[in-house]
Structure formats: C-alpha cells, structure tokens
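These notes concern the structure reproduced below.
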Amino acid sequence: EGCRRHRDLYADLVERVPADRDFRLELAYGASNLGAVRQRQGLADAALERFRECLAQLEGLAQEQPEDRALQLELATSHHQIGQTLESLGQLTGALAAYRDDLAIVRRLAQEETDAGALSAPLRVRRATAEASTGRALLRLGDLAGALDAYQREVADFVALGALDPDNARWQRHLAVA
C-alpha cells in the first residue's frame with residue numbers, strides 16, 4: 001500500500017531529522033492521504049487517527065511559520081477532514097468543534113485578503129464550504145438559528161462569486177444548492 005509506505009518513510013525521516021520542514025510536511029501529507037484511503041475503505045476510526053496525525057504535524061509547522069498562508073489553508077483543511085470524519089461517526093459536537101477551527105482559520109485568511117485589497121475567489125469558495133459544513137453540524141445538533149446564520153453566510157459568498165462571473169457554471173451550481 002503506497003500511502004502507508006510513504007507515511008512510514010517520512011515518519012522514519014522525521015524521527016532522524018525532526019527539524020526538517022519538508023520531511024514533516026511530507027509526513028503530514030502521507031498521513032492525510034492514508035486517512036483518505038481508510039475513510040473510503042469505511043474505516044473511519046483509522047482515518048481519524050491519520051487525520052489527527054496530519055493535524056499535529058501541520059500545527060507544529062504553522063506555529064513555526066504563521067505567515068505561510070498555504071500552510072494555514074492546509075491546517076484548515078486538516079480540521080475540516082477531522083470534522084467530516086467525526087460527523088460520519090455521529091460525533092457531532094466534536095465535528096462542530098473541528099469545523100469551527102477550520103472556519104476560524106479561513107475567516108482570518110479571508111479578512112487578511114480583504115484588508116489587502118480583495119478577497120480571492122478560491123478563498124471565498126473555501127469559506128463558503130466551511131460555513132456550509134458548520135451549518136450542517138449545527139442543524140444536526142438542533143441549533144436552527146446558528147445553522148441558518150452559517151447557511152446565509154455561505155449563500156452570500158456564492159452570490160458574490162456569481163456576480164463576479166455569471167457564466168461560471170460551478171459557482172451557479174453552488175448557489176443553487178446552497
């Protein structure tokens with residue numbers, strides 16, 4: 001199994017050279033990929049373990065390099081994967097916490113872009129996705145008002161995207177689904 005070998009190789013390298021950023025990042029990616037495979041195999045507990053391993057690596061890297069926006073987005077995505085996995089296990093409170101961690105990072109990055117002049121379309125889509133997941137968890141937990149607020153923020157992002165490019169079928173589809 002290639003994902004497991006990749007992860008194991010970089011785990012060994014990180015053990016030998018713990019300060020190497022690239023090795024640690026590859027270990028995180030290997031753990032995430034292995035988690036995705038386990039999730040598709042229906043092994044949610046094993047997937048969660050790998051996604052948490054990925055998160056631990058990314059958190060350490062992000063603390064060392066807080067200005068690295070790509071790394072911050074990877075960290076947000078890791079929280080999102082954990083949220084999805086916990087949600088699939090019926091652990092809605094934990095899923096909501098993970099989605100909120102994801103959303104906090106994405107909102108901060110979106111605010112930084114807005115402050116710098118303009119919010120990019122990919123980050124707006126990412127923020128809308130985080131809002132939708134948060135809204136879904138809130139809805140499943142019975143927080144209808146909170147879910148409605150999250151869904152309204154999701155729709156606002158897709159309305160703004162649709163206005164930027166009315167011919168973009170993907171954004172129009174997202175808006176229709178939202």
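Worth pointing out:
- Residues of segment 80-134 classified as among the acidic types (Asp, Glu) and farther than 28 Å from Ala169 by Cα, total: 3
- Qualifying residue in segment 92-114 (condition: modelled with pLDDT of 95 or more, loosely packed, with under 13 Cβ neighbours inside 10 Å and at positive phi): no
- Checking Arg40 against (1) of a type outside the set (Phe, Trp, Tyr); (2) out of contact with any helix residue (DSSP H, G or I) (no Cβ under 8 Å at 6 or more places or on another chain); (3) open to solvent by less than 30 Å² (accessible area, probe 1.4 Å), the condition it does not meet: (3)
- Residue check for Ala70: hydrophobic (A, V, I, L, M, F, W, C) and open to solvent by less than 20 Å² (accessible area, probe 1.4 Å): no
- Meets criteria (outside any helix (DSSP H, G or I) and either open to solvent by less than 30 Å² (accessible area, probe 1.4 Å) or more than 16 Å from Ala31 (Cα to Cα) (or both)) for Leu119: yes
- Scanning segment 120-178 for residues that are within 17 Å of Gly94 (Cα to Cα), under 20 Å from the mean Cα position of the chain (by Cα) and among the aliphatic types (A, V, I, L, M) yields a total of 6.
- Filter result (open to solvent by 70 Å² or more (accessible area, probe 1.4 Å), more than 15 Å from Ala56 (Cα to Cα) and assigned to a loop (DSSP other than H, G, I, E, B)) within segment 12-29: none
- Qualifying residue in segment 75-95 (condition: part of a helix (DSSP H, G or I), closer than 26 Å to Ala160 by Cα, among the aliphatic types (A, V, I, L, M) and touching a Leu at 6+ places or on another chain (Cβ under 9 Å)): yes
The values are calculated or read from the model by the stated rules, or taken from the named source; none is laboratory data. Note that the structure is a prediction, hence the values are computed from the model and not measured. Methodologically, a virtual Cβ is constructed for each residue, glycine included, from the backbone with ideal geometry; neighbour enumeration extends over all protein chains shown. For accessibility, only protein heavy atoms count, side chains too; no ligands or nucleic acids. Shrake-Rupley method; radii C 1.70, N 1.55, O 1.52, S 1.80 Å.
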